Amino acid sequence: MAKKIRTMRTFARTASKSMEKKIVDNAKELMDDPYILLPDYEDSYSTKYFSKIKKTFNKVNKFKNDTKKLEKLSNKKDISGALAGALLVAHSEKAPYLGVLKYTTGDITYAQRGRSDNEKQAGIQHFDDPVLRLLCFKDIALKKNLHLYSWDDNFVSTGLKPNPPKEFIKFIISRLGLHTSYNITACNHLNPEKIKEKQNADADYLRIHWKSADAIIGFCENCSKSKKNTLFDISKYMIESDVSKDFDITVVGHTIKCTSSNEQETRYIKEYLSGELTDYDFIKKNIKERHQAVKDANEKLFVLNGKSYGNDVNDFINDLKPNEYERKGLESILEKIDEPVIFDDVTPNKVLEKYW
């Protein structure tokens with residue numbers, strides 16, 4: 001699934017002094033060296049396309065001190081037009097009114113000059129931002145299947161193959177707020193070895209295998225409440241034509257006996273990749289569907305707080321921690337039930353009330 005960043009053009013706004021200064025200062029840096037916009041690359045495939053872009057920059061740079069020529073060049077729709085527009089900002093040393101692009105990450109302000117694509121203008125004027133600089137090359141990267149990685153002051157293209165630099169992987173992992181052991185990054189509530197083998201744990205969890213980085217990320221349902229959408233937080237620093245090929249996303253829950261052969265299949269991946277679901281919602285939605293599949297199967301089964309006991313009623317009752325009288329009542333009632341018994345955060349009395 002190709003990553004898409006939704007934008008919407010809004011009204012211009014009056015620039016704050018600090019934002020105006022930042023945009024003007026960045027434009028002046030581009031006046032000195034427009035090639036700082038380009039990523040580093042070593043492969044022949046990246047060289048093929050970025051060499052062409054560099055040639056268009058050469059034409060703009062040739063007339064960097066000619067404002068009349070820059071005005072004409074800024075009317076080009078491609079990235080060279082956006083660069084010419086930025087150089088005009090450097091000459092004027094003013095950006096009193098700014099255009100605004102609305103993104104899921106927040107508003108992006110930029111000085112609109114010429115007719116180049118708004119995203120390219122915004123990306124060029126914020127070339128020092130690791131997320132926004134990607135906007136400069138988003139169209140060509142997606143069209144030509146280039147892989148771009150942007151972090152701190154670093155910007156790299158690895159061509160046709162996803163091959164994130166070690167420094168980039170370290171940057172991403174450090175932002176997750178989790179603990180890393182070898183290539184397993186996880187919350188404190190999960191055993192790294194179980195995550196590695198995609199095994200059941202004491203809690204339901206989200207497992208993300210970042211294939212090209214040889215990294216596995218896992219965190220439990222409870223920890224997911226403090227996050228938004230981890231995959232989006234990772235992928236906003238890169239451009240890959242199909243994120244779903246590089247990331248294997250799985251919701252791992254307790255194995256629950258069910259007549260359906262695909263009971264543990266992770267669903268709603270498309271909604272998760274698009275950012276429609278948070279980590280927590282993604283986990284809950286999958287687990288809820290699996291529980292419903294169990295109920296629909298109409299087989300004897302005991303599940304408590306996501307843990308499956310099969311048809312072992314004694315272990316199920318033990319984990320409810322009943323008193324002597326509650327235990328007798330539960331044993332008497334639950335032995336007679338021939339349907340799934342599924343509860344979360346429940347007391348022995350609540351179970352008795354339901355089946356009495």
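What follows is calculated from the coordinates using simple rules that are stated; it is not laboratory data. On a predicted model such as this, the values are computed, not experimentally measured, just so you know. Cβ coordinates were reconstructed from backbone atoms using ideal geometry, including for glycine residues, and neighbour counts include every protein chain displayed.
Is it possible to state the helix-based mean residue ellipticity at 222 nm for the chain, with each DSSP H run of 4+ residues giving -39500 (n - 2.57), the sum divided by total residues, to the nearest 500 deg cm²/dmol? What is it?
Values: 16 runs with 150 residues, N = 356.
That calculation yields -12000 deg cm²/dmol at 222 nm.
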| request: Mark the label point 7 Å from the Cα of ASN154 along Cα→Cβ and return the residues of region 25-50 whose backbone N is within less than 13 Å of it. | output: 40-41
| Cα centroid separation, region 310-345 to region 91-118 (Å) | 63
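Starting with the highest mean, order 179-185, 22-28, 133-139 by the number of other Cβ atoms within 10 Å, averaged over the residues of each peptide.
Top of the packing list down: 133-139, 22-28, 179-185.
Taking every pair of alpha-carbon atoms in region 32-128, give the share separated by more than 15 Å as a whole percent.
Here the long-distance tail beyond 15 Å is 61 percent of all Cα pairs in region 32-128.
Can you tell me the equivalent ellipsoid semi-axes for region 301-355? Use √(5λ) from the Cα gyration tensor, largest first, whole Å. Walk me through the intermediate numbers first.
Working: eigenvalues 44, 30, 22 Å².
Semi-axes (√(5λ), whole Å): 15, 12, 10.
Can you give the extra length, in nm with one decimal, that the chain gains between LYS28 and ASP344 once fully stretched, where that is 0.36 nm per residue apart less the Cα-Cα distance?
In short, 107.8 nm is gained.
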| query | Sorted from fewest to most neighbouring beta carbons within 10 Å, what does the list TRP151, TRP356 look like? | reply | TRP356, TRP151
| request: Send over the per residue convex hull volume for region 100-169, Cα only, as a whole number of Å³. | output: 95
| said: Based on the alpha-carbon set only, what is the convex hull volume of region 166-297 divided per residue, in Å³? | reply: 107
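So what's the chain giving for Rg/Rh, alpha carbon basis, Kirkwood Rh from the mean inverse pair distance?
On the way: Rg = 27.1 Å, Rh = 23.6 Å.
On the Cα set of the chain, Rg over Rh gives 1.15.
Report the extension gain between LYS245 and GLU324 in nm, rounded to one decimal, defined as 0.36 nm multiplied by the number of residues separating them, less their alpha carbon distance. Present the calculation step by step, with values, prior to reporting the outcome.
Details: separation 79, 0.36 × 79 = 28.44 nm, distance 5.42 nm.
Here the segment from LYS245 to GLU324 would lengthen by 23.0 nm.
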| note | Simple SL model, points at 7 angstrom along Cα→Cβ for GLU276 and ASN191; separation in nm is 3.6
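Hey, which of these cross-link pairs are over 29 Å Cα-Cα: LYS21/LYS59; LYS285/LYS354; LYS69/LYS102; LYS54/LYS211; LYS138/LYS285; LYS284/LYS350? Could you put the intermediate results ahead of the total?
Details: LYS21/LYS59 27 Å; LYS285/LYS354 24 Å; LYS69/LYS102 31 Å; LYS54/LYS211 32 Å; LYS138/LYS285 32 Å; LYS284/LYS350 22 Å.
Where the Cα-Cα span goes over 29 Å, the pairs concerned are LYS69/LYS102; LYS54/LYS211; LYS138/LYS285.
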